[in-house]
Amino acid sequence: MTIPVPQRPVRVRIAPSPTGDPHVGTAYIGLFNAAFARHHGGQFVLRIEDTDQKRSTRQSEEAIYKSLRWIGLNWDEGPDVGGPFGPYRQSERSAIYQAHTRTLIDNGSAYRCFCTAERLEKVRLLQRARKENPGYDGHCRELPHSESEARAAAGEVHVVRLKMPKDGETVVPDALRGAVAFDNSQIDDQVLLKSDGLPTYHMANVVDDHLMQITHVIRAEEWINSTPKHLHLYEAFGWQPPVFVHMPLLRNADKSKISKRKNPTSLEFYQRSGILPEAMLNFLALMGYSRKDDQGHDLEQFDFEALVSDLDLSRISLGGPVFDLDKLRWINGMYLRAMPAAQVAERTFAWYREEDRHAVVGQLVQERVADLGDFAHHAGPFYAGTLDYGLNARYLLVGATSKKKTAVRLSRRASAAMFEDLIARLEALTAWQLADVEACVRAAAEASGAALGDALMAVRVAVCGRPASPPLFESMFAIGRAVALVRLRQAASLASDPRLLQDAIAHAQADLDATRRALEAADLAVQAQVPAGAPSPAP
RNA sequence: GCCCCGUUAGUCUAGCGGUCAGGACACGGCCCUCUCAAGGCUGGGACAGGAGUUCAAUUCUCCUACGGGGCACCA
């Protein structure tokens, strides 16, 4: 199957929601969008979907720009670079959506719904009890036009819903999967305009994609089920829908949709771990796509330009690819090895230099170094991704190694819960400020019920990998949100899984034992060489 | 529960009716080597199962199983 390309210029977009750390999934979809646009000489648009006022933040938006640029993606139009179809931030387009919603109400494709959240909740509960499909029951669907207008005019709180056909089916032409049919009876009367006057994803998406003249919607597979709604919106407006291409979802090792619980998903984490952006991009390209070398074998190494030149989206494989850190690291190493030697050092120093933590790290390490060479030892944890806890994993159990008689020793579960609590607190922070980080750690420590020092030790080892480190709060602050969170999640899963924890400790212990045996053997060897007649060493 | 998508080794993939089912990561062995890497060689390891179509199915169709996704005033 080939991807249809209309006569007009190809225009594609990514539409990330600025609600958290810049996600590898965004970069993944962005990569194929950007490559597709370039391949066809079209434009690649970045649109910010910040209609969820509760969760969207400006920091997150900035972080998205930074990370996408880091990985080498450039957009032709977007909130930060402008363009002829702006504004590119949905929160600045409310009037547009409201006007369009109005036309849908007027032409009978949508209707106002005055149902309260409580009523909807009740309906859902009832439906579940009766084992029916959850969905809106159509209570306000047939309200007379005059009543609807009057109640709205009176200022009654309401949403606007799409009037989906009750029967028949809607066929989604997916460029990779062919025709995908959905029974209309399965499809809910989707809310288009929320009671706060802002549109939902579905509405904003369709309106923007049309107004921005998007020709191909290349997005993640999780959207395929809502595409019938989008198709009906296009129809209701009398617009021509774009070509839909649903990409497979990146997966965790257990095949579930990739998540920060089970994988580092923040692009910042990879940047701070010393992954090269071109290696990351290459790795992402390999997820579902492949190219051939001269001998017809799979080609592992290629850059963006190469991807652009022979891109054929219809060759995307549809099984959800597992995000394999081992392979990422291998690719990264391959890139490093392929560089001129001088460049490796150059890139490394540049990477150190572009980091924002030097001042803090220098200060923290200063008191502990006797010579310049000591820096690397003490600063190690500040310039790394995940850590190997080894024998130190035992400190991850709160209080377990405490020398205080009164120490409160937390169970594995309770220790893991303390980490989870801390993670939740840190995730809730809108900015990464020293004082806030400290407050979070102190609060989590206190909530755990353990002595402050014991809880801090567990956090210290989780974040720094060692029981001896510069002051914890400053260290966490310098290590940064992305890396600190990944390490805490790693610690949490280690603490909650007895097998993992034991393995980690047993592994390190085995190394230690081997060393001890080697030393003993060496001692014996020395004794054996003692010449006859010499006094034997004291026992 | 209902709907949709998917299924080649632990993982990423090639394959598009006839192949010794190819490559890569990871894993094991050997070589190289002062160590560790890197590199070279090499080994084990896959078409989820069952029907059908066909002279011939990994490849086409259907069923089953398994995996995933969706069913919000989140995107």
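The values are calculated or read from the model by the stated rules, or taken from the named source; none is laboratory data. Source: prediction; values computed, not measured. Positions of Cβ are backbone-derived with ideal geometry, glycine not excepted, and every protein chain shown enters the neighbour counts.
Looking at the range A:163-170, is at least one residue under 24 Å from residue A:96 (Cβ atoms), charged (D, E, K, R), within 10 Å of RNA strand B (Cβ to nearest atom) and at pLDDT below 95? Looking for residues that are under 24 Å from residue A:96 (Cβ atoms), charged (D, E, K, R), within 10 Å of RNA strand B (Cβ to nearest atom) and at pLDDT below 95, one finds none in the range A:163-170, hence no. On the stretch given as the range A:246-283, residues that are in a helix (DSSP H, G or I), charged (D, E, K, R) and surrounded by 20 or more Cβ atoms within 10 Å (Cβ to Cβ) total 2. Residues that are among the hydroxyl-bearing types (Ser, Thr, Tyr), more than 9 Å from RNA strand B (Cβ to nearest atom) and closer than 29 Å to residue A:242 by Cα do occur in the range A:111-124, at least one of them. Contact map, the range A:243-263: residues that are more than 21 Å from residue A:496 (Cα to Cα) paired with residues that are of a type in the set (Phe, Trp, Tyr) and part of a loop (DSSP other than H, G, I, E, B), Cβ distance under 9 Å, separation 6+ or inter-chain. Pairs shown: A:250/A:323; A:251/A:323. Scan the range A:284-333 for residues that are charged (D, E, K, R), assigned to a helix (DSSP H, G or I) and within 27 Å of residue A:256 (Cβ to Cβ) and the total you get is 4. For the range A:437-539, the helices (runs of 4 or more DSSP H) that sit wholly inside it and include 2 or more residues that are of a type in the set (Phe, Trp, Tyr) and modelled with pLDDT of 75 or more are A:472-479.
Restricting the first member to the range A:191-216 and to residues that are farther than 11 Å from residue A:96 by Cα, and the second to residues that are among the aromatic types (Phe, Trp, Tyr) and not in a helix (DSSP H, G or I), the beta-carbon pairs closer than 6 Å and six or more apart or on different chains are A:210/A:239; A:212/A:85. The single residue among A:195, A:185 that is surrounded by fewer than 17 Cβ atoms within 10 Å (Cβ to Cβ), more than 7 Å from RNA strand B (Cβ to nearest atom) and either more than 26 Å from the chain's Cα centre (by Cα) or outside any helix (DSSP H, G or I) (or both) turns out to be A:185.
Residues are listed down the side, and each one gets a yes or a no for (1) in contact with a strand residue (DSSP E or B) (Cβ under 9 Å, 6 or more places away or on another chain); (2) more than 21 Å from residue A:20 (Cβ to Cβ); (3) within 8 Å of RNA strand B (Cβ to nearest atom):
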| position | (1), (2), (3) |
| --- | --- |
| A:255 | yes, yes, yes |
| A:265 | yes, no, no |
| A:270 | no, no, no |
| A:276 | no, yes, no |
| A:284 | no, no, no |
| A:290 | yes, yes, yes |
| A:305 | no, yes, no |
| A:309 | no, yes, no |
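Taken together, the residues in the range A:369-378 that are modelled with pLDDT under 90 and touching a helix residue (DSSP H, G or I) at 6+ places or on another chain (Cβ under 7 Å) amount to 1.
Yes/no per residue for (1) in contact (Cβ under 8 Å) with a residue 60 or more places away in the chain; (2) of a type in the set (A, V, I, L, M, F, W, C):
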| residue | (1), (2) |
| --- | --- |
| A:2 | yes, no |
| A:6 | yes, no |
| A:30 | no, no |
| A:36 | yes, yes |
| A:39 | yes, no |
| A:69 | no, no |
| A:74 | no, no |
| A:82 | no, no |
| A:95 | no, yes |
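Going by the conditions given, is residue A:296 farther than 23 Å from residue A:325 by Cα, within 13 Å of RNA strand B (Cβ to nearest atom) and among the small types (Gly, Ala, Ser)? Here the answer is yes, as residue A:296 does meet what is asked. No other residue among A:27, A:37 is under 23 Å from residue A:279 (Cα atoms) and touching a His at 6+ places or on another chain (Cβ under 9 Å) apart from A:37. The conditions of being at pLDDT 90 or above, among the β-branched types (Val, Ile, Thr) and within 20 Å of residue A:486 (Cβ to Cβ) are not met by residue A:316.
For residues that are under 16 Å from the mean Cα position of the chain (by Cα) and buried (at least 20 other Cβ atoms within 10 Å of the Cβ), scanning just the range A:66-92, find the one that is farthest from RNA strand B (Cβ to nearest atom). Among them, the one singled out is A:71.
Condition first: more than 27 Å from residue A:3 (Cβ to Cβ) and surrounded by fewer than 19 Cβ atoms within 10 Å (Cβ to Cβ). Can you find one or more residues in the range A:286-301 that meet it?
Yes: the range A:286-301 contains one or more residues that are more than 27 Å from residue A:3 (Cβ to Cβ) and surrounded by fewer than 19 Cβ atoms within 10 Å (Cβ to Cβ).
For the range A:334-344, a residue qualifies if it is exposed (fewer than 12 other Cβ atoms within 10 Å of the Cβ) and assigned to a helix (DSSP H, G or I), and the qualifying residues are A:337, A:338, A:341, A:342.
The residue list A:224, A:214 contains one member that is outside any strand (DSSP E or B), within 12 Å of RNA strand B (Cβ to nearest atom), closer than 30 Å to residue A:169 by Cα and not charged (D, E, K, R), which is A:224. Examine the range A:387-396 for a residue that is free of Cβ contacts under 8 Å to residues at least 60 places away in the same chain and surrounded by 15 or more Cβ atoms within 10 Å (Cβ to Cβ), and state whether such a residue exists. No, the conditions are met nowhere in the range A:387-396.
Between A:53, A:7, A:59, the distinction of being in a helix (DSSP H, G or I) and either of a type in the set (D, E, K, R) or surrounded by fewer than 20 Cβ atoms within 10 Å (Cβ to Cβ) (or both) belongs to A:59 only. Considering only residues that are exposed (fewer than 12 other Cβ atoms within 10 Å of the Cβ) and within 22 Å of residue A:227 (Cβ to Cβ), which ones fall in the range A:135-169? Within the range A:135-169, A:166, A:167, A:168 meet the criteria.
Within the set A:108, A:155, A:135, the sole residue that is in contact (Cβ under 8 Å) with a residue 40 or more places away in the chain and more than 38 Å from the chain's Cα centre (by Cα) turns out to be A:108.
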